1. Semi-axes of the equivalent ellipsoid of region 87-170: what are they in whole Å, largest first, if each equals the square root of 5 times a C-alpha gyration tensor eigenvalue?
2. Quickly rank 123-129, 34-40 as a protection proxy: mean count of other C-beta atoms within 10 Å, highest first.
3. Determine the distance separating the Cα centre of region 7-57 from the Cα centre of region 75-136; give it in Å without decimals.
4. Work out, step by step, the length gained on full extension between residue 34 and residue 158: first 0.36 nm times the residue separation, then minus their alpha carbon distance; give nm to one decimal.
5. Which percent of Cα-Cα pairs in region 3-77 sits in each 10 Å bin, short to long?
6. For region 1-159, state the average projected area of the convex hull of the C-alpha atoms over all orientations, rounded to one decimal in nm².
7. Could the peptides 143-154, 50-61 be put in order, highest first, of the mean number of other beta-carbon atoms found within 10 Å of their residues?
8. Applying 1/(1 + (r/R0)^6) with R0 = 35 Å to the Cβ-Cβ distance of residue 10 and residue 150, what FRET efficiency is obtained, to the nearest 0.05?
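Derivation of every value follows stated rules applied to the coordinates shown; laboratory data play no part. Worth saying up front: this structure is predicted, and the values here are computed from it rather than measured. Cβ atoms come from the backbone with ideal geometry, glycine included; neighbour counts cover every protein chain shown.
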Ligand SMILES: [Zn+2]
């Protein structure tokens, strides 16, 4: 599909914080074009890059923003949601027992098994490959001699975003790439 002919509904804007880093990586901070335009008119954001697609009304015509940046810095003090994806992300999609990164094999393990009163919380759930999960079975970490590589705990939004930087989304509009890859490309 020719990007020049992209329909408005296929023109989400990547939202950057005031420091020009994406507001979040997972989920990637995107606004639909209507929300992006509204923020432009309310002068809450600067337009950093634009699509070729234009929208028109009787009073104005403009190209849709592909990247916007907030004028006011938003800090990530919020606590992340306890979701399956966020647990995998915290653990870098890596089995916490053997270090396997085979994604289709990834499951969740209760460090203290449910049968022993283990709860489903940030502090007791880790990513584990199915082999390790089966091997550990209903045993505790001590009994199985299997301890998570990292002590599981609730991550901060900042930590999750840092992890997310290693897992860029599959589809990126060309003008977003600079903002997503800038840091990683600087690394030796
Ligand atoms: Zn494993």
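1. 23, 15, 9
2. 123-129, 34-40
3. 34 Å
4. Full extension of this stretch gives 41.8 nm more.
5. The percentages, shortest bin first, are 20, 53, 23, 4, 0.
6. Projected over every direction and averaged, the Cα hull of region 1-159 covers 12.3 nm².
7. Ranked by mean Cβ neighbours within 10 Å, highest first: 143-154, 50-61.
8. It comes out at approximately 0.35.
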